Amino acid sequence: MVDFHKLFSNNEPILISGPCSAETRDQVVQTALQLKQLNKIHLFRSGIWKPRTKPGMFEGVGSIGLQWLKEAKELTNIPNTVEVATSKHVEEALMHEIDCLWIGARTVANPFSVQALAEALQGVDIPVLIKNPTNPDIELWVGAIERILNAGIKDIVLVHRGFTSYAQTEYRNPPMWQLAIEIKRRFPQFPMLCDPSHIAGKRSLLQGIAQQSIDLNYNGLMIESHIDPENAWSDSAQQITPEKLADLLNNLLWRSGEVNPSLDYSELTELRTRIDQKDDELILLLSERMKIADEIGKFKKNNNITILQTERWNQILERALQKCDALGLSKDFIRNYFESVHLESIFHQNNVMNKNEHQK
Ligand code: PEP
Ligand code: MN
């Protein structure tokens, strides 16, 4: 079994890698052997029971994969971990001497399933990785942690893999870092890993997300790797070869390498992450504001009203200026800001009008 106490007490980042899914014996063994050459992977991961969004998608090879994992471990000496979602999975994984279990995001989102797993784990001494639930609901994550804790599991490791979002973003599962930061605040005793693969959904974003998590003082990474990512049976756009994983890891700037190793930068990074979050919200709000301006443009066009209504503009500005003092904002700043926003609104309305002209 993996000794997480020993692993984490070295203060070395924990690295977990392996394919999203076990597909064939050769793919599992070859991926493990290639990862072995990196000489820095602590745990070999592979899904054999895959929760898929729709029926008919590849749902994992099932129990046969446990034998491939055993073989890979015999060849590499790297301990392994699989995802479990039912008590039967737990039973089978334990029978095949799996070293660590992980609970996936979809399972964590379901308290009935987590409870069933907790009951199957009662009295078992094995480390358990608990991913965040798919929903951006912190209490659901807390609930899963508490259930597994109540089952007597001592070694719990949290894995941040991003959250489902209705809004279209560049990520498959936007990280919403502030939720993970809050969980770290509530459970400082548990190590936290980042899973950039499921946050990103595509290879190009992996490096940046991994770096951000290191800057936030995470304890390690879980990254999917595959000998032939383009032809992977699941999550093919986000997997990388073990060779590319080596490059990614070499390009990371670990915090101990920073200018002043005795200074803890995590607070600064955390604050910057919050600023980024607020800026993202502001941009989104501005975009929504301009869409409303477009609607106003259409109304004015249809009713033959001029774009610039000086009285209305004065009203907007006065309303905002009155709030400045109480909110700790300078009047100059707010005046500049509103002038700029107002100008952009006029451009938008102009565009709407011109578009209508051309369409006629
Ligand atoms: C996985 O790690 O392959 C997986 C299914 O992850 P998640 O539960 O985070 O979607
Ligand atoms: Mn996956």
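Taken together, the values in this text are just the output of simple stated rules run on the coordinates, not laboratory data. Keep in mind it's a predicted model, so treat the numbers as computed, not measured. Virtual Cβ from ideal backbone geometry, glycine too; neighbours counted across all protein chains shown.
Beta bridges from DSSP with both residues in the chain: antiparallel share about 0 percent, rounded to the nearest 5. Ignoring lysines fewer than eight residues from K300 along the same chain, the ones with Cα atoms less than 19 angstrom from its Cα are K291, K355, K360. Amide H contacts for N80 (H built 1.01 Å from N in the peptide plane; partners 5 or more residues away or on another chain; cut-off under 5 Å): F44, D99, C100. Can you give the percent of C-alpha pairs in segment 95-160 whose distance is more than 20 Å? Here the tail beyond 20 Å accounts for 18 percent of pairs. With the gyration tensor restricted to C-alpha atoms of segment 301-350, the semi-axes of the equivalent ellipsoid amount to 25, 12, 7 Å, longest first. Fraction of C-alpha pairs exceeding 26 angstrom in segment 182-332: 54 percent, rounded to a whole number. Normalising the average separation of contacting C-alpha pairs (under 8 angstrom, six or more residues apart) by the number of residues puts the relative contact order of the chain at 13 percent.
Backbone phi angles across segment 165-173, fed through the Karplus curve with coefficients 6.51, -1.76 and 1.60 (θ = phi - 60°), yield HN-Hα couplings of 9, 6, 5, 6, 10, 6, 8, 6, 9 Hz in residue order; Gly and Pro are listed as x. Projected label points at Q309 and K36, each 7 Å from Cα along the beta carbon direction, are separated by 7.4 nanometres. Sorting the Cα pairs of the chain by distance into bins of 20 Å, from 0 upward, gives 26, 45, 22, 7 percent per bin.
Just the number, please: Stokes-Einstein D of segment 172-225 in µm²/s, Kirkwood Rh from C-alpha pairs, 25 °C, 0.890 mPa s.
Values: Rh = 11.4 Å.
The estimated diffusion coefficient comes to 216 µm²/s.
At q = 0.16 Å⁻¹, what base-10 log of I(q)/I(0) does the Debye formula yield for segment 266-359 when every alpha carbon is treated as an equal point scatterer in vacuo? Log10 I(q)/I(0), no solvent term: -0.80. Sorting 147-156, 79-88 by their mean Cβ neighbour count within 10 Å, with the most densely packed peptide first, gives 79-88, 147-156.
According to the Cα gyration tensor, what semi-axes, each the square root of 5 times an eigenvalue, does the equivalent ellipsoid of segment 1-70 have, listed from largest to smallest in whole Å?
Working: eigenvalues 135, 42, 23 Å².
For segment 1-70, the semi-axes come out at 26, 14, 11 Å.
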